[in-house]
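Report on one structure; see the data block that follows.
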């Protein structure tokens with residue numbers, strides 16, 4: 001595999017405001033992960049109910065309950081992970097995390113507020129997210145309400161060293 | 001010939017008796033002995049004789065350890081031309097005769113991995129590949145972030161150096177203007 005870790009642009013970015021692309025990809029990964037987990041859970045629930053009752057059961061017959069369950073699951077998925085370490089699965093993969101505007105770790109209250117206000121950023125064709133592109137500190141609307149920012153937690157310098165070490169090992173071999 | 005008798009005694013002391021006059025007698029005795037031995041050997045049934053020999057008893061009397069101790073193996077080995085032997089060995093023929101599948105079937109791979117660092121090496125290489133993929137994905141993301149930020153700054157006619165790079169607790173407070181212009185003096 002050929003590494004394409006750039007030389008300069010990614011060095012020393014730990015703690016810098018994360019950009020739109022990384023945040024978008026991380027959010028996409030989180031949506032995929034949360035939906036996947038919800039689907040697996042729903043299938044397990046359906047199987048269990050059919051096993052216990054012996055009757056045919058389908059979640060499509062209970063759309064409102066399913067919708068409520070999905071909303072609760074999404075809330076739990078994001079709020080719990082943000083309050084725990086400031087990052088979700090997708091954010092961990094992309095190397096970013098949520099912190100307070102002063103850079104300190106966020107608490108459970110801010111995690112809950114950020115989760116609850118996240119849907120507001122989707123209103124009006126996602127205008128709440130435009131701040132990530134235009135604001136100097138890359139605040140989205142829900143970031144502004146929760147008093148949070150998203151920063152790079154990925155140590156690009158260490159990644160660069162790892163890459164160099166691997167390249168040297170490969171050359172020596 | 002007769003005149004050389006003394007000269008022969010000097011030249012070949014083993015072949016001729018030192019006592020004069022006994023040469024012919026010795027030749028006669030030699031011929032008789034040879035004839036007798038031949039007759040005796042012809043009359044012996046070798047198979048019968050060998051069947052009566054207790055080989056095990058003979059071997060048991062041989063001190064094998066003593067023999068081995070007296071053998072200088074290093075000296076023997078040093079006289080062996082290994083390169084020449086190897087040149088004469090048809091390795092391909094040997095490999096053809098080896099049932100590799102049978103050997104592999106007899107190897108307990110799990111036990112082998114447990115006894116060596118192979119498992120750790122496999123784990124390390126796997127995590128190495130995973131982290132390399134992550135590094136590449138993240139680096140690409142950061143590169144695209146910068147690309148977009150540069151274009152946004154260009155459209156908004158904003159200098160990228162004016163923008164804060166991150167929260168103060170993580171990147172430190174931006175230096176004052178005087179520090180930038182005078183180098184902090």
Task: Shielding of B:129-136 by partner chains, average beta-carbon count, 10 Å - done: 5
Open item on the list: If I model a spin label at residue B:65 and residue B:108 as a point 7 Å from the Cα along the Cα→Cβ vector, what separation in nanometres do I get?
Closed with: 3.4 nm
Task: Relative contact order (%) - criterion: Cα under 8 Å, at least six apart; region: segment A:37-97 - done: 19 percent
Open item on the list: Just to verify a number: FRET efficiency for residue A:89 and residue B:151, C-beta to C-beta distance, R0 = 25 Å, to 0.05?
Closed with: 0.25
- [ ] Calculate the length of the line joining the C-alpha centroid of segment B:131-154 to that of segment A:62-86, in whole Å.
- [x] 30 Å
- [ ] Describe numerically, in nm with one decimal, the distance between label points set 7 Å from Cα along Cα→Cβ at residue B:24 and at residue A:31.
- [x] 13.3 nm
TODO: Can you tell me the order of A:103-111, B:135-143 when each peptide is scored by its average per-residue count of other Cβ atoms within 10 angstrom, highest first?
DONE: B:135-143, A:103-111
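Which order results if B:151, A:35 are arranged by neighbouring Cβ count within 10 Å, fewest first?
Ordered by Cβ neighbours within 10 Å, fewest first: B:151, A:35.
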- [ ] Could you line up A:62, A:139 from fewest to most neighbouring Cβ atoms inside 10 Å?
- [x] A:62, A:139
Open item on the list: Assuming 0.36 nm per residue, please report the length gained on full extension of the stretch residue B:52 to residue B:137 beyond their Cα-Cα distance.
Closed with: 21.7 nm
Task: Average other protein chain Cβ within 10 Å of Cβ, residues A:15-27 - done: 6
Task: Taking segment A:20-172 and dividing mean pair separation by its residue count, relative contact order in percent (alpha carbons under 8 Å, at least six apart) - done: 21 percent
Open item on the list: With 10 angstrom as the radius, rank A:153, A:48 by how many other C-beta atoms surround their C-beta, starting from the fewest.
Closed with: A:48, A:153
Task: Evaluated over segment A:18-83, the Cα radius of gyration and Dmax, each in Å - done: 15.1, 51
Task: Over segment A:20-172, volume per residue of the alpha carbon convex hull, in Å³ - done: 169 Å³
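Here, each number is a calculation from the coordinates, and none is a lab measurement. None of these values were measured; they are calculated from a predicted model. Here Cβ is always computed from backbone atoms with ideal geometry, including for glycine, and neighbour counts include all displayed protein chains.
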